[in-house]
1. Are any of the pairs 226/394; 202/439; 170/439; 291/393 more than 18 Å apart by Cα-Cα distance, and if so, which?
2. Going by C-beta contacts inside 10 Å, put 112, 395, 270 in order with the fewest on the left.
3. Which parts of the stretch 223-242 would a label at residue 285 reach, counting a residue when its backbone N lies under 19 Å from a point 7 Å out along Cα-to-Cβ?
4. Which one, 241, 315, 301, projects farthest toward the positive side of the charge dipole computed for the stretch 190-322 from Cβ point charges (K/R +1, D/E -1)?
5. Among (1) 34, 30, 21; (2) 36, 24, 21; (3) 42, 33, 22, only one was calculated for this model; which label is it, if the read-out is semi-axes √(5λ) of the Cα gyration tensor in Å?
6. Using the alpha-carbon atoms, what tilt in degrees (0 to 90, nearest 10) does helix 389-403 show relative to the longest principal axis of the chain?
7. Kindly state, as a whole number, the per residue volume in cubic angstrom of the convex hull around the alpha carbon atoms of the stretch 208-423.
8. Report, in degrees rounded to the nearest 10, the 0 to 90 angle that the Cα long axis of helix 221-231 makes with the longest principal axis of the chain.
Amino acid sequence: MSTKTPSELRDLVRGEVIIEGDADYEEARSVHNGMIDKRPAVVVRVMNAGDVMATVNYARDNSLQLSIRGGGHSGPGLGTNDGGVVIDFSKMRGVRVDPAAKTARAEGGTTWGDFNAATHAYGLATTGGVISTTGVAGLTLGGGIGYLSRGSGLSLDNLVSADVVTADGKVLIANEHENADLFWAIRGGGGNFGVCTSLEFKLQPVRDVYWGPMFYEVEEAENIFKFYREYIKDAPEEMGVFPAFQIAPPLPFIPEDRHGDMFIALIACWSGDPEDGERQFKPFHDVAEVKAEMVGPIPYPAINAAFDGLFPPGIRQYWKGNFVKELTDEAIAAHVQHGPNAPNASSTMHLYPINGACHRVAADATAFGHRDANFSMVILAASDDPADDGANKKWVRDYSDALAPHSEAGGYINFMDNDDADRTRANYGDNYDRLVGIKRKFDPDNLFRINQNIAP
């Protein structure tokens with residue numbers, strides 16, 4: 001029997017069913033990006049896989065848009081919609097660690113802060129992102145780039161199994177042995193194929209790391225980029241490091257008279273023996289004079305929260321991203337021209353390395369389409385003030401346009417914004433046609449379309 005009304009849906013689920021007019025509707029409809037102002041008809045704060053199944057059936061049977069929200073960090077606000085249904089996983093954030101097997105299973109709403117706190121107790125970790133409030137599921141399904149990528153691979157390379165509710169309202173186990181085509185597709189194909197209610201990861205021994213940002217005069221930018229280009233080619237895989245343009249926030253380790261100044265920074269994480277960290281960081285101190293830094297041994301979960309203060313919930317944000325094979329002199333010149341114009345301390349460019357272990361996975365082993373890229377670049381502008389939106393977007397677009405001739409046609413789907421639909425095929429790369437076939441099998445009517453969509 002079809003479920004026609006929110007009242008009928010309430011009878012089927014254990015979680016909250018929230019509609020406009022309810023006391024917590026305004027909170028329930030919000031996502032991390034303050035630019036997004038949408039009003040779904042129904043938000044369901046699911047408590048278990050059964051709630052997800054019932055809500056998927058409700059959306060399908062009533063021909064309503066369906067959004068899936070884990071951490072809610074999607075730049076274009078894909079975790080909400082106008083007039084449709086939202087599956088909100090904020091009440092499903094449990095993590096179960098098996099220290100003997102070195103695995104952890106995370107529920108669909110788990111953030112990387114939740115995950116890292118649970119696994120750190122056992123001296124274990126896997127590749128996550130750089131903001132602790134980011135959702136595990138969303139980051140992983142799109143790829144999963146973080147400090148540990150060069151040594152441990154992408155987050156999706158560490159995914160061993162997932163429970164997926166498909167468009168017919170059934171729950172499937174997806175792994176190498178069951179529904180292997182679905183498992184292939186969700187590792188890089190995003191949320192196109194169903195709703196992941198839980199994800200199981202393999203873990204590596206990581207407890208404390210040697211980490212920190214190092215700030216150099218912005219005039220050293222060309223020098224830093226050229227050093228980084230050569231250093232990262234054969235750096236130890238325990239080293240995750242990336243350059244960034246950063247306006248100095250008012251932090252104690254930065255001289256007070258430099259607060260608000262633009263710097264070029266290297267943010268580095270050594271996940272080998274922390275006692276070897278100082279030696280491993282020596283090249284970063286030799287390349288140019290470090291004007292401010294905060295480096296040293298630190299628990300791994302702490303580094304994932306280091307930038308949270310620059311990226312709070314509700315901040316208005318706009319993104320662009322490209323994959324990069326080679327950091328050419330021409331690309332460096334474009335970075336040097338545009339990066340220092342970042343409008344505020346919450347606006348930046350990061351150039352993440354994705355070589356090392358990421359390259360040891362075959363291009364067709366998962367749906368992630370750009371195994372030959374060496375870097376994933378993101379340009380982000382963010383501000384609390386709506387009056388800044390125009391200038392912020394212009395800076396991002398001008399910067400991205402200048403780098404486009406020196407980048408791949410495709411970019412990381414987790415860095416796409418709502419005006420990037422024309423890049424979809426390029427973003428998924430050579431695996432796109434196979435993804436379309438799997439989409440037709442599991443979601444022929446495109447119920448899961450509020451994403452970087454693969455049309456069936």
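1. Pairs exceeding 18 Å: 226/394; 202/439; 291/393.
2. 395, 270, 112
3. 224, 228, 236, 239-242
4. Farthest towards the positive end: 315.
5. Correct label is (2).
6. Approximately 70 degrees, to the nearest 10.
7. It is 131 Å³ per residue.
8. 80
Coordinate-derived values only; no laboratory data. Note that this is a predicted model, so its numbers are computed, not measured. Quick reminder, even Gly has a Cβ in these numbers, built from the backbone with ideal geometry, and neighbours come from all protein chains shown.
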